[in-house]
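Engineer: Before I ask anything, here is the structure I am working with.
The values are calculated or read from the model by the stated rules, or taken from the named source; none is laboratory data. All of these numbers come straight from a predicted model, not from anything done at the bench. Because the Cβ atoms are built from the backbone with ideal geometry, glycine has one as well, and the counts that use them run over all protein chains shown. Side chains are part of the model used for accessible areas, which takes the heavy atoms of the whole protein and leaves out ligands, DNA and RNA. Shrake-Rupley method; radii C 1.70, N 1.55, O 1.52, S 1.80 Å.
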Amino acid sequence: MKLLNFKLFILLFALTVISCKNTKEEKKAVEVETETVDVYADDNIIIDGKSVTELLNNYSLKNSLEGDNFTFNIAANNKDNNRILIYTKGLDNEFRKTISFEGKVLETFVLDQNNDGYKEFYITTTPLKGKSYASVGDVEIIGFASHKNEKIERIEVEDVKAIKTERTDKVDVVDGKLQRSFIVNTVPQKYNYNLEIDGDDYELTYVKAE
């Protein structure tokens, strides 16, 4: 009887060990899979002499916007001396760009502003005023266009010349288009944007909304 109980104890102990080992291996497999999935990193993309994987360690904001046959990737650190890192993946003529400015990134948009079948990518930022963000709240639009899904072109953005009431400037998407709104002397104002193309030249112009 004692021998039987001893054998049962050994068998249960062995099953417990095997079960724990399998659980650890399954957990390890899941952890490895999670760690290797990173849609932003890429050791093969080099910018300023460093791989994107290495550069992204210094960025807190990371976003990947979908083009028709490529991705438009944006990263920013949103510190006092900000840098926006931009790179595409999937184009014949890949785009690599770093933008330095004082301010922080607010939002990113992917749109077809002029309904020509090709995407544009917009980044809104607010400037650094003194030592605090958005002390006046003006918003800047940075735009890039997919030129026939072959290459990326910078979009020139027409400046809205108005003295806006502090912290009222906003850029939103309305009916698939960019729209800016703000207040001047207690009067709300809205402007709609149009994308104009002349060859490889792109310009975002505005018109006052009715």
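Engineer: Suppose we filter V184, V171, V160 for residues that are closer than 18 Å to L106 by Cα and in contact (Cβ under 8 Å) with a residue 12 or more places away in the chain; which single one remains? Quick ask: steps written out before the conclusion?
Structural biologist: Numbers: V184 fails: closer than 18 Å to L106 by Cα; V160 fails: closer than 18 Å to L106 by Cα.
None of the other options fit; the residue is V171.
Engineer: While we're looking at this one, here's another question. Any idea how many residues of segment 37-57 are within 23 Å of F144 (Cβ to Cβ), open to solvent by 100 Å² or more (accessible area, probe 1.4 Å) and modelled with pLDDT of 75 or more?
Structural biologist: Total meeting the criteria: 2.
Engineer: Kindly establish whether T98 is under 25 Å from A75 (Cβ atoms) and in contact with a Lys or Arg (Cβ under 6 Å, 6 or more places away or on another chain).
Structural biologist: Spelling it out, T98 is indeed under 25 Å from A75 (Cβ atoms) and in contact with a Lys or Arg (Cβ under 6 Å, 6 or more places away or on another chain).
Engineer: Looking at segment 95-110, which of its residues are at pLDDT 90 or above and in a loop (DSSP other than H, G, I, E, B)?
Structural biologist: Scanning segment 95-110 gives a single hit, F95.
Engineer: Still on this model: Taking K28 as meeting all but one of (1) open to solvent by 100 Å² or more (accessible area, probe 1.4 Å); (2) part of a helix (DSSP H, G or I); (3) modelled with pLDDT of 50 or more, write down the number of the exception.
Structural biologist: (3)
Engineer: On to the next question. Identify all residues within segment 111-146 that are over 25 Å from T168 (Cβ atoms) and either open to solvent by 20 Å² or more (accessible area, probe 1.4 Å) or at pLDDT below 90 (or both); write none if there are none.
Structural biologist: Those that are over 25 Å from T168 (Cβ atoms) and either open to solvent by 20 Å² or more (accessible area, probe 1.4 Å) or at pLDDT below 90 (or both): D112, N114, N115, D116, G117, Y118, K119.
Engineer: For segment 147-192, enumerate the residues that are open to solvent by less than 20 Å² (accessible area, probe 1.4 Å) and more than 15 Å from E203 (Cβ to Cβ).
Structural biologist: The answer is I152, D169, V171, R180, F182.
Engineer: Out of all the residues in segment 75-107, which are open to solvent by 30 Å² or more (accessible area, probe 1.4 Å), closer than 14 Å to I142 by Cβ and under 14 Å from the mean Cα position of the chain (by Cα)?
Structural biologist: Within segment 75-107, R83, K97, T98, K104, L106, E107 meet the criteria.
Engineer: Going by what's in this entry, would T34 be described as in a helix (DSSP H, G or I), modelled with pLDDT under 50 and more than 30 Å from K148 (Cβ to Cβ)?
Structural biologist: Yes.
Engineer: Do any strands (runs of 3 or more DSSP E) entirely within segment 148-210 hold 1 or more residues that are under 14 Å from N114 (Cβ atoms), and if so, which?
Structural biologist: 151-157, 177-184, 187-198, 201-208
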